[in-house]
Amino acid sequence: MTRPSRGTLRKGRVCVVGSFNVDHVWRVASLPQPGATLAGEYRSGPGGKGFNQAMAACRAGAETSFVCALGGDLGAQLARALCSADGIDLRDTECDLPTGTAGIYVDAQGRNSIVVGAGANALLDPGFVASTLASVSGTSVVLAQLESPLDAVQEALRIGREQGALTILNPAPANASVAGVLLELADILTPNESEFAALLGRHVGERIESDDVGSLDQGRLHALCRQLGHDSTVIVTLGASGCFVSHPDKQLRGDSTAYCRISAEAVRAIDTTGAGDAFNGALAASLAGQPHLAFSEHVRFASRYAGLSTEREGAALAMPTQSELNARFNPD
Ligand code: ADP
């Protein structure tokens, strides 16, 4: 049987609901101590898990809508300009707080200290999310993260379900207040190791160090995923070690086994910031564009896409396009 080509994704619509930030990054010799003034090399650029994932979904081939809250400021203008340049359908609500920001110091060893000013992101309103998602037609996949108010995230997943879309929750960053109902609204959950460990601690009562997740026996990892996800497919991403996929027995999504490990792509990683965002955006695009493929094929596409994103510096603006992906992995 000939496999459908992965070269060109057909367009499917992905709605990403989440955060937009302006990141301010200083490279410094050492992290500043209280009272210190240091010289640093400065750059700024767009970020926020929502925006990163929307860029990834769009550049991976999906028609993409991005639902977010912005301030009435230069950060909002940046969001509009970037969405327009890439063809992302931006659906923002303008709030009385500044656009989200992150202040990041990175020292010579690559360690960082980060301050996030959620700003307008904290005002993303469930009613706005509901009416906006209802006004976008033909959505195949709704994708959300935890940098927005939890009631807005819940509404995004609820409306997605109601519209018959596939719902993906990337439970990042780890948040101790996430309720079980939020997890139940996700068809697919995509924690990394530390988010998975945090969710297990809260919802399953299992204490596992995040460093130990990747070395767990696969049967045991599957059993833990089932206790956490019940009816959801759970993908635990494991950085350079790839990821683990666990399905409920009654919903294998075209795969032949209930669980499997998928290796990461062999790449020359120089910056893994935003790898998880690349993975989630590409997964959503693939699911929206080629719904007939077996689930593990979507995960392989997302791994490859995320792997390539680590060969470039940065997050949102470093997301690869489909042609860059093809040039890197299918040069013929
Ligand atoms: P997060 O950024 O949320 O912590 P991960 O680090 O688990 O997420 O990365 C998500 C996915 O990105 C991985 O499952 C893998 O497919 C890919 N990836 C991340 N780091 C690397 C790497 N060094 N080499 C190859 N692929 C990587």
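Annotations for the structure displayed:
- Out of Gly254, Gly242, one residue alone is more than 17 Å from the chain's Cα centre (by Cα) and at positive phi. It is Gly254.
- Residue within the stretch 6-24 that is in a loop (DSSP other than H, G, I, E, B), over 17 Å from the mean Cα position of the chain (by Cα) and among the aliphatic types (A, V, I, L, M) present: yes
- Scan of the stretch 88-108 for residues that are open to solvent by 50 Å² or more (accessible area, probe 1.4 Å), in contact with a Ser or Thr (Cβ under 9 Å, 6 or more places away or on another chain) and part of a loop (DSSP other than H, G, I, E, B), ordered by number: Ala108
So that you can scan it fast, the table gives a plain yes or no per residue for (1) in contact with a helix residue (DSSP H, G or I) (Cβ under 6 Å, 6 or more places away or on another chain); (2) away from the ligand (no atom under 12 Å from the Cβ); (3) farther than 24 Å from Leu82 by Cα:
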| site | (1), (2), (3) |
| --- | --- |
| Tyr259 | yes, yes, yes |
| Gly281 | yes, no, no |
| Ala284 | yes, yes, no |
| Glu297 | no, yes, yes |
| Phe301 | yes, no, yes |
| Gly307 | no, no, no |
| Gly314 | no, yes, no |
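- In summary, strands (runs of 3 or more DSSP E) completely within the stretch 214-332 and bearing 2 or more residues that are open to solvent by 60 Å² or more (accessible area, probe 1.4 Å) occur at 259-262.
- Out of Ala69, Ala120, Ala76, Ala172, sole residue that is open to solvent by less than 10 Å² (accessible area, probe 1.4 Å) and either of a type in the set (D, E, K, R) or assigned to a loop (DSSP other than H, G, I, E, B) (or both): Ala172
- For the stretch 190-213, a tally of residues being more than 14 Å from the ligand (Cβ to nearest atom), assigned to a helix (DSSP H, G or I) and surrounded by 14 or more Cβ atoms within 10 Å (Cβ to Cβ) returns 5.
The values are calculated or read from the model by the stated rules, or taken from the named source; none is laboratory data. Just so it is clear, the structure is predicted and the values come from calculations on it, not from any experiment. Positions of Cβ are backbone-derived with ideal geometry, glycine not excepted, and every protein chain shown enters the neighbour counts. Remember, those area values only see protein heavy atoms, side chains included, never the ligands or the DNA or RNA. Shrake-Rupley method; radii C 1.70, N 1.55, O 1.52, S 1.80 Å.
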